[in-house]
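Engineer: Quick one: the structure is below, and I'll ask about it shortly.
The values are calculated or read from the model by the stated rules, or taken from the named source; none is laboratory data. Please read these numbers as outputs of a predicted model, since none were measured by experiment. Cβ placement follows ideal geometry from the backbone for every residue including glycine, while neighbour counts extend to all protein chains displayed. Surface accessibility is based on the protein's heavy atoms, side chains included, excluding ligands, DNA and RNA. Shrake-Rupley method; radii C 1.70, N 1.55, O 1.52, S 1.80 Å.
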Amino acid sequence: MNEAKIPAPEAPANPPDFIRKRIREDVAKNKNHGRVITRFPPEPNGYLHIGHAKAINLNFGIAREYQGACHLRLDDTNPEKEEQEYIDAIREDVRWLGFDWGGHLYHASDYYDRFYTYAVELIEKGLAYVCHLSPDAIREYRGTLTTPGKNSPFRQRPADENRALFERMRRGEFKEGECVLRAKIDMEHPNINMRDPAIYRIKHAAHPRTGDKWCIYPMYDFAHCISDALENITHSLCTLEFEDHRPLYDWVLDNITIPCHPQQIEFARLELTHTLLSKRKLLQLVQEGIVNGWDDPRLPTIRGLRRRGYTPEAIGAFCRAIGVDKTNSVIDIGTLEYHLREDLNRRAQRVMAVLHPLKVVIVNYPDNQAETFSAENNPEDPASGTRPVPFAKTLYIEQEDFQESPPKGYFRLAPGREVRLKHAYYITCQAVIKDEATGEIKEIHCTYDPGSRGGSTPDGRRVKGTLHWVAAEHALDAEVRLYSHLFTRPDPNQAPAGQDFRSALNPQSLVTLPACKVEPSLRVAMAGDRFQFMRHGYFCVDPDTTPARLVFNRTATLRDTWAKMMQKGQGQPE
RNA sequence: UGCCGGGUCGUCCAACGGCAGGACAGCGGCCUUUGGAGCCGUUUAUCGUGGUUCGAAUCCACGCCCGGCAGCCA
C-alpha cells in the first residue's frame with residue numbers, strides 16, 4: 001500500500017572483504033583487461049535459501065561494483081536430480097532478491113558438445129582413459145586418506161582405444177556403471193581428488209533440457225571449470241568444500257586448449273542459528289510435512305522468507321553486514337532479524353490490530369456517535385501521510401493490556417487507571433464485567449475524557465500507557481499466524497543421543513489466531529503488503545487471504561521491553 | 001592419522017609490524033501519543049609456548065584446537 005520506496009543501498013560491503021581486496025588488486029594490475037565477471041551456479045535440484053542469498057549478493061554485488069557482469073548458470077550435469085521446476089524457481093528467486101543477469105542466463109548443458117570435444121582432447125593427449133573397473137573396484141584402487149592409491153589396469157590403454165571406447169560410451173553401447181572416463185593424473189597424489197578422478201559417467205537418463213541426446217554426462221570437476229572458462233568468468237567464487245578441488249580445476253584448464261583460466265576463490269558458507277540450511281534436511285522437512293511446503297514462512301528458503309514478509313533489501317543488508325571470510329562461522333539469527341526490523345521500521349505503514357480482543361465499552365460516550373481520527377501512517381516517514389481511523393462506543397483492546405491486579409511497573413489499563421488510546425482519547429477503567437460462572441473477564445467499562453481528544457489534555461496531565469484499539473463495529477476479522485523460530489536449539493543438529501534435528505522442533509513455531517480484529521483501512525490490503533501492527537510487530541498479508549478473510553503472517557516481533565522485564569522477573573526470586 | 005583450510009569480545013567482521021576498532025547481542029540511562037523507533041553510556045577478545053624486533057593479532061618455530069576431503073553428487 002503506502003510502503004515507502006527505499007532504493008536498494010548500493011554501498012559496497014564495508015570494509016572490503018578478502019575477495020574484494022583480491023579482485024581490486026587484479027583490476028589494478030589490469031588482469032583480464034580490468035574486467036570482472038562472476039557467476040552464480042546453482043544446481044537446479046532444490047530451492048534457494050538464505051545461504052544462497054549470501055553467494056548471490058556476493059557475486060552479483062561484486063559485478064555491480066565493478067560494472068562487470070554476473071552470469072546465472074544452472075549447473076545441470078546430473079539429469080537424475082534436476083528438474084525444470086527448480087530452474088524456474090531459481091530464476092524467480094534471484095530476480096526477487098534484486099539482481100539481473102541481463103542476457104547471461106546459461107546452463108551447463110549448453111556446453112555438452114564442448115565438454116565432449118575437450119574430453120577427446122585429453123584422451124588424445126594421453127591424459128584421460130576409459131576405465132572398466134567397477135565402482136567398488138575404483139574405490140579400492142583409490143586408496144584412503146592416509147594411503148596412496150594404485151593404478152587401474154586400464155590406465156595404459158592407448159589413446160586410439162580410449163577414443164573408440166569413449167565414442168562407444170557416447171553411443172550407448174555400455175550399461176551404466178560399466179565404465180567411466182577418467183583423467184590420468186596421479187594415483188599416489190596426497191589430494192584424493194587428483195587420483196585419476198572420473199570426469200564422465202554413463203547415465204541412461206533423459207535430461208530436462210537435452211532430452212535423450214546424451215547418455216554420458218560430465219562430472220562437476222570437469223564441467224564446472226570449463227563452463228567458467230567458456231563464459232570468460234574472471235573470478236569463480238565457491239564455498240570452502242571445493243578448496244580441495246581447485247588443483248583439479250586448474251589441472252583441467254591447464255591441459256585443454258582454452259584461452260581463459262578463471263581464478264577460483266573459496267569462502268565460508270553461511271550458517272545460521274535456530275534453522276537449517278542443508279538441502280537434504282530442508283527437503284526432509286517439506287516431504288515429512290513438518291512444514292507446509294517450500295514457501296512455509298518458517299523456512300529459510302527465499303520463498304519462505306518472502307512469504308514471511310522479508311524484504312530483499314533487508315536480506316542484502318544482512319549479507320553486507322556479515323561479510324565474507326574463510327572461517328566457518330555461525331551467525332546468530334538475531335542479526336538477520338535486526339536488519340529486517342531496521343528496514344521494515346523505515347518503510348512499513350503503522351496500523352492497529354487486536355490479536356486477542358477484549359471488549360471495552362465507553363459508558364459515557366453517546367450511544368450512536370461515531371467519529372474519525374486521523375492517524376499517521378509512519379512516524380519515521382512524514383511523507384507517508386495519514387489515514388482515517390473510526391472510533392465508537394464499543395472497542396476492542398488487547399487482553400494483555402488489562403490486568404485486574406497489575407504488577408509493579410505495569411503501565412496499562414487496570415481498575416481506576418487512566419491510559420491513552422492511541423490517536424484518540426484518555427480512558428479510565430471504571431468496572432470489570434465478569435462471567436459469573438467462570439470468572440472470566442467479559443468486558444471492561446470505561447469513561448473517556450472528551451477533553452483528551454487527539455491524545456493529550458489541556459491540563460497537560462500525563463498517562464504512562466498508550467494502547468492500540470479498534471472500534472468493534474468497524475473492525476475487520478482476520479486470521480493471524482504467529483511465527484517464531486522453527487527450532488528451539490541454536491544448533492538443531494546438536495541432538496541428544498539417538499535423536500536428530502527433529503527433536504529440536506519448536507512446537508510453537510506456528511500459532512494461529514483465528515479471531516483477530518484489525519482496523520478497517522486494511523480492507524484493501526493485498527497479498528504481500530507489509531505493515532507494522534503497532535506494539536506487536538511486523539506483519540504481511542498472506543496469499544491465503546480471500547475477499548472474505550484477511551490472513552496475516554507475523555514477520556517479526558517488535559522489541560518488547562516489558563516482556564523481557566517479566567521474563568527476567570520470573571528467573572529471580574524477588 | 002595423508003592433504004587442504006581456519007583459530008581476534010558471547011556472535012560476526014576489522015586493524016601498512018605502531019593506541020585492538022565496528023556491528024549484533026547484553027547491561028545502565030535519556031526520551032517517547034508504539035514499553036516501538038531514536039539518543040547516550042558501558043562490560044567483554046588476539047588459542048598456547050618460545051623466537052625475531054625499539055615495538056607482534058600481524059613475521060618465524062613448535063605445539064594445541066576446530067572444519068573439509070576417500071560419489072560414477074554438486
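Engineer: Of the residues in segment A:195-239, how many are open to solvent by 10 Å² or more (accessible area, probe 1.4 Å), of a type in the set (Asp, Glu) and under 31 Å from the mean Cα position of the chain (by Cα)?
Structural biologist: Summing the residues that are open to solvent by 10 Å² or more (accessible area, probe 1.4 Å), of a type in the set (Asp, Glu) and under 31 Å from the mean Cα position of the chain (by Cα) in segment A:195-239 gives 2.
Engineer: Out of contact with any Phe, Trp or Tyr (no Cβ under 9 Å at 6 or more places or on another chain), of a type in the set (Val, Ile, Thr) and within 21 Å of A:Asn14 (Cβ to Cβ): which single residue out of A:Thr335, A:Thr327 fits that description?
Structural biologist: A:Thr327
Engineer: On to the next question. Output yes when any residue across segment A:516-527 is surrounded by 13 or more Cβ atoms within 10 Å (Cβ to Cβ), under 24 Å from A:Thr335 (Cα atoms) and not acidic (Asp, Glu), and no when none is.
Structural biologist: The answer is no, given that none of the residues of segment A:516-527 is surrounded by 13 or more Cβ atoms within 10 Å (Cβ to Cβ), under 24 Å from A:Thr335 (Cα atoms) and not acidic (Asp, Glu).
Every residue, every condition in (1) free of Cβ contacts under 8 Å to residues at least 12 places away in the same chain; (2) in a strand (DSSP E or B); (3) under 19 Å from A:Thr144 (Cα atoms); (4) near RNA strand B (Cβ under 9 Å from one of its atoms), yes or no:
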{"site": "A:Met187", "(1), (2), (3), (4)": "no, no, yes, no"}
{"site": "A:Arg209", "(1), (2), (3), (4)": "no, no, no, no"}
{"site": "A:Lys213", "(1), (2), (3), (4)": "no, no, no, no"}
{"site": "A:Tyr217", "(1), (2), (3), (4)": "no, yes, no, yes"}
{"site": "A:Cys225", "(1), (2), (3), (4)": "no, no, no, no"}
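Engineer: Among A:Ile192, A:Ile185, which is the only one that is crowded, with 17+ Cβ neighbours inside 10 Å and not assigned by TED's automatic domain parsing to the domain that holds A:Arg320?
Structural biologist: A:Ile185
Engineer: Just to check your reading of the model, which residue among A:Pro7, A:Pro44 is assigned to a loop (DSSP other than H, G, I, E, B) and either modelled with pLDDT of 95 or more or over 18 Å from A:Ala314 (Cβ atoms) (or both)?
Structural biologist: One residue alone meets the criteria, A:Pro44.
Engineer: Just name the residue that is nearest to the chain's Cα centre (by Cα) out of those in segment A:354-388 that are within 11 Å of RNA strand B (Cβ to nearest atom) and within 21 Å of A:Met526 (Cα to Cα).
Structural biologist: By that ranking, first place goes to A:Asn378.
Engineer: Which is part of a loop (DSSP other than H, G, I, E, B) and in contact (Cβ under 8 Å) with a residue 24 or more places away in the chain, of A:Glu400, A:Glu443, A:Glu404?
Structural biologist: A:Glu404
Engineer: Please specify each residue of segment A:414-440 satisfying the condition of being touching a helix residue (DSSP H, G or I) at 6+ places or on another chain (Cβ under 9 Å) and either more than 18 Å from A:Thr457 (Cα to Cα) or assigned to a loop (DSSP other than H, G, I, E, B) (or both).
Structural biologist: A:Ala424, A:Tyr425
Engineer: Checking A:Asn493 against (1) modelled with pLDDT of 95 or more; (2) surrounded by fewer than 19 Cβ atoms within 10 Å (Cβ to Cβ), which single condition isn't satisfied?
Structural biologist: The single condition A:Asn493 does not satisfy is (1).
Yes or no, residue by residue, for (1) under 20 Å from A:Phe60 (Cα atoms); (2) in a helix (DSSP H, G or I):
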{"residue": "A:His274", "(1), (2)": "no, no"}
{"residue": "A:Leu283", "(1), (2)": "no, yes"}
{"residue": "A:Gly289", "(1), (2)": "no, no"}
{"residue": "A:Leu299", "(1), (2)": "no, no"}
{"residue": "A:Gly304", "(1), (2)": "no, yes"}
{"residue": "A:Glu313", "(1), (2)": "yes, yes"}
{"residue": "A:Ala321", "(1), (2)": "yes, yes"}
{"residue": "A:Ser329", "(1), (2)": "no, no"}
{"residue": "A:Tyr338", "(1), (2)": "no, yes"}
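To keep it simple, each residue is scored yes or no on (1) in contact with a His (Cβ under 9 Å, 6 or more places away or on another chain); (2) touching a residue at least 40 places away in the same chain (Cβ under 8 Å); (3) farther than 22 Å from A:Val286 by Cβ.
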residue	(1), (2), (3)
A:Thr466	no, yes, yes
A:Glu479	no, yes, yes
A:Leu482	no, yes, no
A:Pro490	yes, yes, yes
A:Met526	no, yes, yes
A:Phe539	no, yes, yes
A:Thr545	no, no, yes
A:Gln567	no, no, yes
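Condition check ((1) in the same structural domain as A:Leu270 (by TED's automatic domain parsing); (2) within 11 Å of RNA strand B (Cβ to nearest atom); (3) open to solvent by 10 Å² or more (accessible area, probe 1.4 Å); (4) in contact (Cβ under 8 Å) with a residue 40 or more places away in the chain) across all residues:
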| site | (1), (2), (3), (4) |
| --- | --- |
| A:Ala314 | yes, no, no, no |
| A:Ala321 | yes, yes, yes, no |
| A:Val324 | yes, yes, yes, yes |
| A:Ser329 | yes, yes, yes, yes |
